[in-house]
Amino acid sequence: MSNLKGQAAMEYLMTYGWAILAIVLVIAALIFLNPFRAPEICLFEQAGFTCNEPPPQLYVDGNGNLKMNVKVWNQAGQNIVVKEIMCTNAPGNEVPPHGRVTPASVQVQDQLNAGASITLVGVPCVDSRGDPIVSQPNQEFRGKMVVWYNYANDIDQTVRHQIKANVISRIAQVS
């Protein structure tokens, strides 16, 4: 009779042992894969432009100010002239004042042909007042990239078009 009790106890331990092992493996996989963090994306609100290949790189410069490197693809079907660009964490449809945030990598009158791309380095990230965002590495940035441009054949080049992209990315450590 005691032999049957031992067998029942062993079956009980084996059943729950396998279940506990499966739970440990699932938890280890979730920790390794981290499916709960936000994906790094850059998605324009309107068709005609893309910026997700490769995803934007956000980093903190030597002064602690947040900057972004991004590649913008022109799929609008016609040539454009990039005038200004910025990234911001301003809420909603608010856009900080422009005119002082264009990075050195963007030259006014840089023409971007249809189907081509432009790599923008050191795009400044500003808050709703236009002040630089001070940040730390390994934080998540959720904000917008704003591009002011003209079509190459616009009649009045002083009237600028504006397009926004939603950006979610982890701020990288600069070595």
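Every number in this text was worked out from the coordinates using simple rules, so none of it is lab data. Keep in mind that this is a model prediction, so the values were computed, not measured. Positions of Cβ are backbone-derived with ideal geometry, glycine not excepted, and every protein chain shown enters the neighbour counts.
Brief remarks on what is shown
- Over the chain, relative contact order from alpha-carbon pairs under 8 Å, at least 6 apart, %: 26
- Multiplying the residue separation of residue 8 and residue 29 by 0.36 nm and removing their Cα-Cα distance gives an extension gain of 4.4 nm.
- FRET efficiency for residue 117 and residue 19, using Cβ-Cβ distance with R0 set to 30 Å, rounded to 0.05: 0.05
- Kirkwood-type radius of the chain, with distances r between different C-alpha atoms, in Å: 18.9
- Just so you know, the averaged projected area of the alpha carbon convex hull for segment 6-75 sits at 9.1 nm².
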